[in-house]
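Chemist: Have a look at this one before I ask anything.
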Amino acid sequence: MVSVPGRVNLIGEHIDYHNLPVFPMAIQRRIRIAVHPRADRLIRVTSSGEYGDREFEWTPRLEPAAAGDWINYAKAAAQAVGDRWGLRKGIDAAVASDLPAAAGLSSSSALLTGLTLALLRANGVVTTFAQLMEVLPEAEHFVGTRGGGMDHAAVLASAPGCALLVRFAPMSVEDVRIPAGWSFLIAHSLTTAEKSGEIRAEYNFRRTAGTRALATLGLASYRAAVEQHPFQELQAMARKRLQDPELGPFLHVTGEAARVLEAVQAMRNGDAEEFGRLLNTSHESARDLLRISCPALDELVEAARNAGALGARLTGAGFGGCAVVFCRETERPAIRARLMDSFYSRRNGFDPDIHLIDAEPSAGALIE
Ligand code: GLA
C-alpha cells in the first residue's frame, strides 16, 4: 500500500517557482494505492471512482495520451522512474481516494507521487526525499503543468500536527508545530480551477511576468533580491521602474516572501491574531497585485471573516478552487455553520463532504 495525502497551502502563494520559501501542510484526505509488482513492464491502473481503468506498456520516451486523461499521471511516473532509476517491472495498481479532485488540494501531485512511489517499491528502489524532489516537479510537466515543488514537498515530508516550511535551492524542509487550539477549514468557492487551458495560461503568465520584472530591474533572482535589499527599497525601486503587467507580480512576490517568514514566526510565537492578519494581507495581495482571485473566492473569504475567522485567503493556484480559513478550534463548528448559511445556502451543487473540509495537519507519504 502507498498512501499520499493532499495538502493545503497556509501562506506563500505563487512564489515556490521563484525558489522562495512556502508554508503548506498535508491534510488527512488521501489517495491510497494498492500495488503489486508484475513480471513484465505492463502498468495497469484501476480506479474505484468514475475514472475507469487504464494500461500501457513501459517503453523509454512514452508519448502522453490526450490532455486531461488520468493515464498521463501513470505515464509521467513511469517516465520519471524509468529515466532516473530504470524500470524493470510494471505494476497492477488499484487507486482509491477521498481527496476531492480539481479543488486546489493537490490531488494531481498526490496521484503522481503515489504512482511514482508504487513503481519504485515494485522495482526495489530506495530513494531519498531529495532525489524524489529532483524528479517529481519535473515529471509534472509531462502532464502539462509548470508549477514549483511546494506540493510534492508537502505531500511527501509533512509531519502530523505540523505545518512545513519548504525552502528551495537547496531544498530543505522544517516542521513547525501548529499551536494547540489553532485550526483550519478548507472551503471551496464552487468555481473550479482546472489547471489546463486558459487557467494554465494565466498561471504561466504570472510566472513569466514575475521573471521579466527581475530582468528589467537587473536583479539576478528573487532570492538575491529579498536577501540583499530591504523590502521597502525593493518596492520603491519597482514602483519607479516597472509597470503592469510586471509591477503587480513583483510587488506580490517580494511581499509574500516577507509574509511567509513573518507567518512562521507568528506560529512559533503562538500569535494567532498576527497569523490571521498575515493570511488576510496575503489574500489582498493575491487579489489586487497578482490578480489570481475571482469574485466567488473574494466573497467566500469575506464570508469567512464575517463568520468569525481570524484570517482567510485563497489557497493554491487561484482562479477558483478553495480558500483556507484559520480560526480557533473551539470556533470551527460555529464558523462552519455560519458559512453554510451565509455562503453555501445561496449556491447550487454544495456537498459538505467535498466543499467544506476540517483540515487536520497530517503525515506526508514518507513520514507515515
Ligand atoms: C499550484 C502549483 C504550486 C504553486 C501553487 C501556487 O498549486 O502546483 O507549485 O505554484 O500553484 O502557490
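The values are calculated or read from the model by the stated rules, or taken from the named source; none is laboratory data. Just so it is clear, the model here is predicted, and its values are computed rather than measured. Positions of Cβ are generated from backbone atoms using ideal geometry, with glycine treated the same way; all protein chains shown enter the neighbour counts.
Chemist: Pairs please, first residue from segment 125-136 and in a helix (DSSP H, G or I), second anywhere and of a type in the set (Asp, Glu), Cβ atoms under 9 Å, 6+ apart in sequence or on different chains.
Modeler: The qualifying pairs are VAL135/ASP83; LEU136/ASP151.
Chemist: Next up: If you go through segment 58-101 one residue at a time, how many are in contact with a strand residue (DSSP E or B) (Cβ under 7 Å, 6 or more places away or on another chain), within 22 Å of ARG7 (Cα to Cα) and surrounded by fewer than 18 Cβ atoms within 10 Å (Cβ to Cβ)?
Modeler: 3
Chemist: For segment 331-362, how many residues meet the condition of being in a loop (DSSP other than H, G, I, E, B) and under 11 Å from ALA187 (Cβ atoms)?
Modeler: From segment 331-362, those in a loop (DSSP other than H, G, I, E, B) are 343, 347-351, 360-362; that's our starting set.
Those left that are additionally under 11 Å from ALA187 (Cβ atoms): 343, 350.
Number of matching residues: 2.
Chemist: Hey, ASP98 hits all of (1) over 22 Å from PHE205 (Cα atoms); (2) among the acidic types (Asp, Glu); (3) within 16 Å of the ligand (Cβ to nearest atom) but one; which does it fall short on?
Modeler: (3)
Chemist: Name the residue, out of GLY255, GLY270, that is surrounded by fewer than 17 Cβ atoms within 10 Å (Cβ to Cβ) and of a type in the set (Gly, Ala, Ser).
Modeler: Checking each option against the conditions leaves just GLY270.
Chemist: Within segment 102-143, restricting attention to residues that are of a type in the set (A, V, I, L, M) and surrounded by fewer than 18 Cβ atoms within 10 Å (Cβ to Cβ), which residue is modelled with the lowest pLDDT?
Modeler: ALA102
Chemist: Quick check on ASN348: is it within 23 Å of VAL176 (Cβ to Cβ) and among the polar types (S, T, N, Q)? Outline the logic, then answer.
Modeler: On the way: within 23 Å of VAL176 (Cβ to Cβ): no; among the polar types (S, T, N, Q): yes.
No; evaluated as a whole, the condition is false for this residue.
Chemist: Quick one: LEU115 ticks every box in (1) in contact (Cβ under 8 Å) with a residue 40 or more places away in the chain; (2) closer than 21 Å to CYS322 by Cβ; (3) of a type in the set (A, V, I, L, M) bar one, so which box is it?
Modeler: (2)
Chemist: I've got another one for you. Give me the pairs: first residue in segment 147-167 and in the same structural domain as ASN9 (by TED's automatic domain parsing), second residue of a type in the set (Asp, Glu) and within 10 Å of the ligand (Cβ to nearest atom), beta-carbon distance under 8 Å, and six or more apart or on different chains, which are they?
Modeler: From segment 147-167, the pairs are GLY147/ASP16; GLY147/GLU140; GLY148/ASP16; GLY149/ASP16; MET150/ASP16; HIS152/GLU140; VAL166/ASP16.
Chemist: Of all residues in segment 89-101, how many are at pLDDT 90 or above, over 15 Å from ILE71 (Cβ atoms) and assigned to a loop (DSSP other than H, G, I, E, B)?
Modeler: Total satisfying the criteria: 3.
Chemist: Of everything in segment 1-28, what is more than 21 Å from ARG177 (Cβ to Cβ), of a type outside the set (A, V, I, L, M, F, W, C) and more than 16 Å from the ligand (Cβ to nearest atom)? Give them in sequence order.
Modeler: Residue satisfying the conditions is SER3 alone.
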